[in-house]
Amino acid sequence: MVEVANQQFGTKTFRRRQLMDATEQVVRQRGLWTQEDDELSGSVGTKSRGLAQIDFRFFDLKRSGKLVSDHRDHWRLASPKPPPITEFVQPPSDIAAPPDRIETHVQRIVRDTNAAKSLKALYDYKCQVCGLRIEPASGSFYIEVHHVRPLGGGHKGLDTHLNMLVLCPNHHAMFDFGIPRFITGESIMIGETSHNLTCKHNLAPDVIAYHNEQIHRRTA
């Protein structure tokens, strides 16, 4: 019920029956509502047995201090939490209609591993270079992970946090083209401008050296 109250009402006040009805809807959606829950409970009012059970939980939350009432039948969460941030996974499209499909068989390296996903979350889906966070949908964010020493093409980089940066698409493209050069593990040069990286994890020294020696495109 706390989860439902947080998602439905957040810091707003609500009436007791509003939270009960919202909780019933979630229970039904999750397939946890039984036929017995639809039977009349015999309690005060016209509650079903399932709704009566939810009502009992309401008063448990009141006694534990998770729900508080400022005035009659107006309730709120004692400690509302911000809604969870989710990663936007639908790829962007710049075409009006998809092309015809053909069946092919390919081998590829899976890039968006659990290691990549956890690192994105660690940085709150923000670019380590510029802090940009793309929000294609409310509360859902898009960001990319770059392997400093590439996984394929004979580079044989590892799919670990020691070899990863969280980047917006622009800075990801720059790294793919070898434009930035590492000054230290926490700073880079792009052209004549230095940039401090937001660092909540460390890159392996050999990974940094590999990028500077093998990937970075020297213009001089």
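No value in this document is a laboratory result; all are computed from the given coordinates. Quantities reported herein were computed from a predicted structural model and do not represent experimental measurements. A quick note on method: Cβ atoms are made from the backbone with ideal geometry, for glycine too, and the neighbour counts reach across all protein chains shown.
Annotations for the structure displayed:
- In order through the range 177-183: 3J(HN,Hα) via Karplus (6.51 cos²θ - 1.76 cosθ + 1.60), integer Hz, x for Gly, Pro: 7, x, 6, x, 10, 6, 8
- Partners for residue 66 among aspartates and glutamates (Cα-Cα distance below 15 Å; same-chain residues under 8 apart left out): 3, 55
- The phi torsions of the range 146-151, fed into the Karplus equation with coefficients 6.51, -1.76 and 1.60 and a -60° offset, translate into couplings of 10, 8, 4, 9, x, 6 Hz, rounded to whole numbers, with Gly and Pro shown as x.
- Local electrostatic count at residue 10 - Lys and Arg +1, Asp and Glu -1, tallied over other residues with Cβ under 13 Å: +2
- Around residue 21: net Lys/Arg minus Asp/Glu count, Cβ-Cβ under 12 Å: +3
- 5 angstrom amide H check on residue 145, placed H, neighbours 5+ away: 167
- Amide H partners (placed H, <5 Å) of residue 134, local residues excluded: 142
- In this label model, residue 160 and residue 12 are separated by 4.8 nm, measuring between points 7 Å along each Cα→Cβ vector.
- DSSP beta bridge pairing in the chain, given as percent antiparallel to the nearest 5: 90 percent
- Mean separation of Cα contacts under 8 Å, 6 or more apart, over the residue count of the range 2-77: relative contact order %: 38 percent
- For the range 58-72, 3J(HN,Hα) per residue [Karplus equation, 6.51 cos²θ - 1.76 cosθ + 1.60, θ = phi - 60°, Hz, x = Gly/Pro]: 4, 6, 4, 5, 5, 5, 7, x, 7, 10, 10, 10, 7, 7, 3
- Ellipticity estimate at 222 nm from DSSP helix runs (n ≥ 4, -39,500 (n - 2.57)) divided over the chain, nearest 500: -8000 deg cm²/dmol
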